[in-house]
Every structure is written in C-alpha cells, then in structure tokens.
1. So what's the gap between the Cα centers of region 42-117 and region 1-37, to the nearest angstrom?
2. By a straight-distance test (C-alpha under 13 Å), which aspartates and glutamates pair with Lys78 as possible cross-link partners, with residues fewer than eight away in the same chain excluded?
3. Of all alpha-carbon pairs in region 8-126, indicate the percentage at a distance above 17 angstrom.
4. Can you tell me which aspartates and glutamates have their Cα less than 19 Å from the Cα of Lys37? Leave out same-chain residues fewer than eight positions away.
5. By a straight-distance test (C-alpha under 22 Å), which lysines pair with Lys2 as possible cross-link partners, with residues fewer than eight away in the same chain excluded?
Amino acid sequence: MKKDIENRSDIDLLMRNFYARAMNDSVIGFIFTDVAKLDLDHHLPIIGDFWETMLFRTGDYGRHGRNPLMVHGDLNEKTPLLPEHFERWLEIFEESVDELFEGNAAAFIKMRAGQIANRMMEYVGRIPMPPINVQRNGEAAPDRR
C-alpha cells in the first residue's frame, strides 16, 4: 500500500517525478525546455511552495509574488497553449501522483490539478468561460459574456 502525501518532502518527490516525465514528453516537453526554458533548480522550490500552499494552506507561495495565470499567459504569448497540452499535463500529473501516492491528499491534489488545468485553458482563451447565471430576488441574472 502506498502512503498519502503528508509533507513538503512528499510534494518535492512528486514534483521531481512529474517534471522528469513532462520535460521529456513528446507533446508538452518543448514547452518546458524550449519555450519556458525552465531551470528546475530555480523552479522546483517555487512550484513546491505552490502545491504545499494548495494542500496544506501554508501560504508559502505568496512570498514569490507570482500569479500562475499570468505566468501561463506569458507562455501562451510565446507559443499557443492548446487543450491537448493541458490534457497531457494533467495526464502526466495524475500518473505521477498515482505512481507514488494514494489517499485523501493524493485525490485532492489530482482534483485541484484538474481545476487548475481548466482555469488555465479559460485564461489563455482556449475554452469559453461558462456564463454565470445566479438567481437574485427570484430573477435570473444576465449571462456574463
């Protein structure tokens, strides 16, 4: 039986496993190596802080002063980030989690990764944002488009 994601060391292990796969992937590897020119020694502590904040609410990611949507928007300006890129990213992420962990935190990080992938696609304009239709005083609010 595999253990659940319990601490920062587990997140760091997951991130090393994920990036080893993603950077060599035939579909998305070029985004990390050629477009973002990702320096893993610099990136891994930052992305570790991101996921530690997501899982354990440490708030550590905030000290970097980065907005992940804007970072990916900048990448999208350099090369179009397409739905198949996000789908492949999520597939590799989930495989990396499943290879190493199981449990509530493992399930949660996969769920959050899916939400993040969808939000990123919305942000870079690859899927339309769904309209918000909230009932107010018995009347439907106008669709936001």
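Coordinate-derived values only; no laboratory data. Note that the structure is predicted; figures quoted are calculated from it, not measured.
1. Region 42-117 and region 1-37 have Cα centres spaced 9 Å from each other.
2. Hits, sequence-local ones excluded: Asp34.
3. Values: 3944 of 7021 pairs.
Value for region 8-126 (Cα pairs over 17 Å): 56 percent.
4. In chain and number order, the partners are Asp25, Asp74, Glu77.
5. Within the straight-line cut-off, Lys2 pairs with Lys110.
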